[in-house]
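The next block holds one structure in the form of structure tokens; read it before the comments.
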Amino acid sequence: MTLATASPGFWAGYWQSLKSLDVEEPIDVYVHRPLAYLLARALLPTPVSPNLVTIASMVIGVYGAYLMVADLPYHWQWAALCTFLGTVFDCADGQLARMRKTSSVIGRMLDGTADVIVTAAILAAGGYHLYFKYGATNVWLGWAAVLFTLVAGVATSIQTTLFDHYKTVFMKLAVPGFKEAESYPEARRRYEAQKSFTLVSRLAWALYLQFVGNQSRTVRKFDPHTVTEFSILGDYDPARAQIYREHMAAVMGTWRRWFGYGSLMIGITLALALELPEYYLLARLTVYGLVFYGPLMLRQRRASARAFAALGVEPR
């Protein structure tokens, strides 16, 4: 008897803890999220909140960045393990919130803040490592390595940011009950209406508003045919959902397989384990960049133009 047969309720709960499979990354569905689900199931009867799990994911990820430059045996492999575990915890917070039906805007903001901090820490550690590795004989080569790290980091950030946008639009139009879409004007109004802040919430707000604003500007440059004001999309409608899926399902498949945060982190994990971070950065900057600004951008623009014309929505 297989585990799936023996515990159908257990695995049914796993699939229910996911977002729509239309937008879930395969690496998350089959690697990160099963482990995250085990963690979320263990935490479900405890008072541990999803936000605390988010903070734990950030601490683990930042510690992994520290291990990249630590003078310890097998520090690269330990850094890889921490990066992997941090990603699992990053998946577990949302799954725990969905299992408890306690998803919140603050939780999503904190999750995004944690992702930014972990990614920045890993890039900083990578730049530090490359500076001393390549600058040992030539200081200018060291600074060139730092610049290379920054450019690769920005390029990768743009890729994952745009995937997040298209994922949000897809779920807004094609998934019933989805309420998490928020454009910059809506986020700004909510921020101005809030009366009090803690240090953590103020930091989360600052990073969140910066992220949403940058995302909107970046999306408009990449794809002038898409929507950045989610409120004009209206509520879920089955007929409109089918139209959107017909135009967008194929290109969304490319986004979720190669350009999401989970794909990024598994690549970083493997690169650290093999002690080859610069080669992964090079791949993100060249191969990924050529696909991103070449066939993917063209396919996405065509799909957006056709989908929103069919829906009668004028992007603005």
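Residue-level check: of (1) surrounded by 18 or more Cβ atoms within 10 Å (Cβ to Cβ); (2) touching a helix residue (DSSP H, G or I) at 6+ places or on another chain (Cβ under 8 Å); (3) more than 23 Å from Leu35 (Cα to Cα), Phe308 misses just (2).
The set of residues in the range 179-225 that are modelled with pLDDT under 85 and of a type in the set (Asp, Glu) contains only Glu180. Could we say that Leu233 is among the hydrophobic types (A, V, I, L, M, F, W, C), surrounded by fewer than 19 Cβ atoms within 10 Å (Cβ to Cβ) and farther than 26 Å from Gln300 by Cβ here? No, not satisfied. I'm checking my understanding of the structure. Among residues of the range 127-142 that are among the aromatic types (Phe, Trp, Tyr) and surrounded by 15 or more Cβ atoms within 10 Å (Cβ to Cβ), which one is farthest from Leu67 (Cα to Cα)? This residue is Tyr134. If I ask for residues that are in a helix (DSSP H, G or I), among the small types (Gly, Ala, Ser) and either at pLDDT below 85 or in contact with a Phe, Trp or Tyr (Cβ under 6 Å, 6 or more places away or on another chain) (or both), which ones from the range 97-111 would you list? Within the range 97-111, just Gly107 meets the criteria.
Remark: pairs (first residue in the range 32-55, under 18 Å from Arg108 (Cα atoms) and in contact (Cβ under 8 Å) with a residue 60 or more places away in the chain; second residue charged (D, E, K, R) and outside any helix (DSSP H, G or I); Cβ separation under 8 Å; 6+ apart in sequence or on different chains) = Arg33/Glu24.
Just one of (1) charged (D, E, K, R); (2) surrounded by fewer than 20 Cβ atoms within 10 Å (Cβ to Cβ); (3) in a helix (DSSP H, G or I); (4) under 19 Å from the mean Cα position of the chain (by Cα) fails for Arg41. It is (4). The selection criterion, being among the basic types (Lys, Arg) and more than 13 Å from Gln159 (Cα to Cα), does not hold for Arg257.
Taking the criterion of being hydrophobic (A, V, I, L, M, F, W, C), part of a helix (DSSP H, G or I) and in contact (Cβ under 8 Å) with a residue 60 or more places away in the chain, the residues of the range 217-250 that qualify are Phe222, Phe230, Ile232, Leu233, Ala241, Ile243, Met248, Ala249.
Of the candidates Arg190, Arg217, Arg240, the single residue that is among the basic types (Lys, Arg) and buried (at least 16 other Cβ atoms within 10 Å of the Cβ) is Arg240. Considering the range 262-313 alone, what residues qualify as being outside any helix (DSSP H, G or I) and either within 27 Å of Tyr131 (Cβ to Cβ) or touching a residue at least 24 places away in the same chain (Cβ under 8 Å) (or both)? Passing the criteria: Leu274, Glu275, Leu276, Val313.
Arg256 passes every criterion in (1) surrounded by 16 or more Cβ atoms within 10 Å (Cβ to Cβ); (2) touching a residue at least 60 places away in the same chain (Cβ under 8 Å); (3) farther than 21 Å from Ser20 by Cα apart from (3).
The values are calculated or read from the model by the stated rules, or taken from the named source; none is laboratory data. Just so it is clear, the model here is predicted, and its values are computed rather than measured. We place every Cβ from the backbone using ideal geometry, glycine too, and count neighbours over all the protein chains shown.
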